[in-house]
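**Q** Below is one structure. I have some questions about it.
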Amino acid sequence: MSDEKDLKDELKEGGAAGAASALDPRGEQLHAASGGDDKVLRMGTASIPRLITEFAIPSVVGMLINGSYAIIDSVFLGHAVGEIGLSAMTVANPIMVVFMAVAMLVGNGGNALAALRLGEGRREEAERALGNVVSLSLIMAVVVAFLGWFPASTDWLLNLSSATDEVRPHAAVFIQIICSGFILQCIGLGVNNFIRTCGAPNRALGTMVIGLVSSVAFNYLFVIVLGWGVAGSGLATVLGWGCSCVAVLWYFCVKTDAPLRLRLGALPLRLRMDGTIMAYGFPSFCIQAGMAIVNFVLNFQLVKYGAASPIGADDALATIGVVQRIAQFSIMPLVGISIALQPLLGFNYGARKVDRVRKTLWYGIGAATTISIIMFAMVQLFAAPIAQAFGIKHDGLVDFTAFAIHLQFLMLPFVGFQIVGANYFQATGQPAKSIFLTLTRQILFLLPLLYLMPLWLPAVAPSYDGLDALLFAMPIADFLSIFTTALFVGWEMVRLRRLSCQSAH
């Protein structure tokens, strides 16, 4: 209700310009004084489909690139090391997802705040958000590096991820290397989104391409040529992040016409702003952290029920590890759409352009649904070749992996709506709703189903064992979360329509 009252009051006071002036008595409003400013201002005036296309294509490709790091590691290790390399990656994957969650907590939260402040015309506050994100990233990187090299915490993480004795030493080496380079991921991934908010989505994509190409080259050198195995794959990933990090910092520190600059005066932490950054970034954190929690629980269940099946525990980890990689890769373009919409939604919501907010959301949902359908068709048609591409060779394991892929992705055509709908509330400064909707898919529905399905399904359908039953949890959880999101989005559209009518009068 407070958001609605504030929005209503500012609409009555004279629209975007009046609101911006009231919020910014120091006269920091954006104006088209440079090419950089003009790129920001067009988010409130240019054609919405054209803006979404311009922002979404680099964002989607960028997220696919970001998701490709784990895919690349798995492919190289699968062919060079075999199933044990895939199993090590499956064990390490939840920890990697947690790191990505932390990077997105500060990066996406600061970016959402910066987009709102630019829409209000408060450039200096947007730059402070950028500086505080960098400072928070440095602090978190120190903590992560300590945890990665502290034996007790590493052992605890491996136990939590259900590492078997054979897989444990390989996964431990990978985790320690990744922890050491975490700051590079924070800057390369988290701060990268600010480039998109500056109206330069293609440059944001370029920084990711640099990292991916570097990672592929280093993986080939370290894993295939030098035979360094899991350690070489981890080092290649960190160096890829480093190349992206350098490109991102170059934009904000060297490029003179960037709408936002990384200045020393913006680096000191401001507790109130940092609290807002964390609140805005928490939905993105929940997506990744929820995925990590699910992976921890799933790994535990895989070892438990895999050991009781002909597949075996290690092969079950390798198989579902492949499915998880494909699932994360399939979700990345949908997350890319939601990230592309974030500056457009945030800027127009901050500028109180309600009709543009509604249109942006629906165009974004349409784009995400289209991508979802294409991804669904691809994984359903090529499930077995996908399994073989990861180095899974014997027929029984290929068939089980293909069955898992077919089942896990049943609801994929509708997942784009759920992700974009949940992200809308984050982009418009309503983090509580976004957090709840995000938790429905990863935590509130899926986690109970991972425990209940192996107990219930074999009793009802004896042809399925406990390992098979785990695969049914995801599509059921997806359906429930999609339905819940539809209720929230429908109510939000009623609220925005009412505000739009009031502003017209």
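**Q** Would you kindly derive the ³J(HN,Hα) couplings of segment 245-259 from the backbone phi angles with the Karplus curve 6.51 cos²θ - 1.76 cosθ + 1.60 (θ = phi - 60°), listing them in order in whole Hz, with x for Gly and Pro?
**A** Along segment 245-259, the couplings run 4, 4, 5, 5, 5, 4, 4, 7, 9, 10, 5, 6, 9, 5, x Hz.
**Q** In addition: Of G275, A368, A307, whose Cα points farthest to the positive end of the dipole of segment 255-370 (charges on the beta-carbon: +1 Lys, Arg; -1 Asp, Glu; origin at the Cα centre)?
**A** G275
**Q** Report, in deg cm²/dmol and to the nearest 500, the calculated mean residue ellipticity at 222 nm for the chain, where each DSSP H run with n ≥ 4 adds -39500 (n - 2.57) and the sum is divided by the residue count.
**A** It lands at -27000 deg cm²/dmol.
**Q** Which one, S500, G466, V420, is farthest towards the positive end of the dipole of segment 405-500 when Lys and Arg carry +1 and Asp and Glu -1 on their Cβ?
**A** The one lying farthest along the dipole's positive direction is S500.
**Q** Less than 15 Å Cβ to Cβ from I405, Lys/Arg counted +1 and Asp/Glu -1: what total charge do the surrounding residues give?
**A** -2
**Q** Using only Cα atoms, find the angle between the long axis of helix 412-427 and the longest principal axis of the chain, and express it within 0 to 90 degrees, rounded to the nearest 10.
**A** For helix 412-427, the angle is close to 40 degrees.
**Q** Right, something else. Ignoring ligands and nucleic acids, what accessible area does C501 show with a 1.4 Å probe (Å², nearest 10)?
**A** Spelled out: C501, probe radius 1.4 Å, area about 70 Å².
**Q** When the Karplus curve 6.51 cos²θ - 1.76 cosθ + 1.60 is applied with θ = phi - 60°, which whole-Hz ³J(HN,Hα) does each residue of segment 163-174 get, with x for Gly and Pro?
**A** Working through the residues one at a time gives 6, 7, 4, 6, 7, 3, x, 5, 5, 4, 4, 4 Hz.
**Q** Roughly what angle does helix 271-307 make with the longest principal axis of the chain, taking Cα atoms, 0 to 90 degrees, to the nearest 10?
**A** With rounding to tens, the tilt is 20 degrees.
**Q** Here's another thing I want to ask about it. Output the relative contact order of the chain, whole-number percent, from Cα pairs under 8 angstrom with separation of 6+ residues.
**A** 22 percent
**Q** Something else now. Taking all protein chains together and a probe of 1.4 Å, list I210, I371 from the most accessible to the least accessible.
**A** In descending accessible area the options line up as I210, I371.
**Q** Further question: By its C-alpha gyration tensor, with a ≥ b ≥ c as the square roots of the eigenvalues, how is the chain shaped: rounded for a/c under 1.5, else prolate for a/b larger than b/c, else oblate?
**A** prolate
**Q** Counting only protein heavy atoms and using a 1.4 Å probe, what share of the accessible area of the chain belongs to carbon plus sulfur, as a whole percent?
**A** 70 percent
**Q** Continuing with the same structure: Around L457, what is the net charge, scoring Lys/Arg as +1 and Asp/Glu as -1 over all other residues with Cβ under 10 Å from its Cβ?
**A** That sum, taken over residues with Cβ under 10 Å, equals -2.
**Q** Which of the listed residues, H406, V216, A266, is farthest toward the dipole's positive end in the chain, when Lys, Arg count +1 and Asp, Glu count -1 at the beta-carbon?
**A** Going by the Cα projections, it comes out as A266.
**Q** Is segment 368-505 best put as rounded, prolate or oblate by its Cα gyration tensor, with a ≥ b ≥ c the root eigenvalues, rounded for a/c under 1.5, and otherwise prolate when a/b is larger than b/c, oblate when not?
**A** Judged from the Cα gyration tensor, segment 368-505 comes out prolate (a/c at least 1.5, a/b above b/c).
**Q** With angles folded into 0 to 90 degrees, how steeply does helix 48-80 sit against the dominant principal axis of the chain? Use alpha carbons for both and round to 10.
**A** 20 degrees
**Q** In the chain, how many lysine pairs have Cα atoms under 18 Å apart, counting only pairs 8 or more places apart or on different chains?
**A** 6
**Q** A further question follows. Suppose a student asked you for the relative contact order of segment 278-390, using Cα pairs under 8 Å spaced at least 6 residues apart; what percent would you report?
**A** Reported relative contact order: 18 percent.
**Q** May I pose another question? Calculate, for segment 163-305, the solvent-accessible area per residue in square angstrom, rolling a 1.4 angstrom probe over the heavy atoms of the protein chains.
**A** That works out to 38 Å² per residue.
**Q** Between rounded, prolate and oblate, where does segment 179-240 land on the alpha carbon gyration tensor, with a ≥ b ≥ c its root eigenvalues, rounded for a/c under 1.5, else prolate if a/b exceeds b/c?
**A** oblate
**Q** Excluding ligands and nucleic acids, what accessible area in Å² is computed for E120 using a 1.4 Å probe, to the nearest 10?
**A** Its accessible surface works out to 20 Å², give or take rounding.
**Q** Given charges of +1 on the Cβ of Lys and Arg and -1 on the Cβ of Asp and Glu, with all other atoms neutral, how large is the dipole of the chain about its Cα centre, in debye to the nearest 20?
**A** 1540 debye
**Q** Around I175, with a cut-off of 11 angstrom between Cβ atoms, what is the net charge of the other residues, counting Lys and Arg +1 and Asp and Glu -1?
**A** With Lys, Arg at +1 and Asp, Glu at -1, the neighbours total 0.
The values are calculated or read from the model by the stated rules, or taken from the named source; none is laboratory data. The structure presented is a predicted model; accordingly, all values stated were derived computationally and were not measured. Ideal geometry is used to build each Cβ from the backbone, glycine not excepted, and the neighbour counts take in all protein chains shown. We work out accessible area using only protein heavy atoms, side chains counted, and drop any ligands, DNA or RNA first. Shrake-Rupley method; radii C 1.70, N 1.55, O 1.52, S 1.80 Å.
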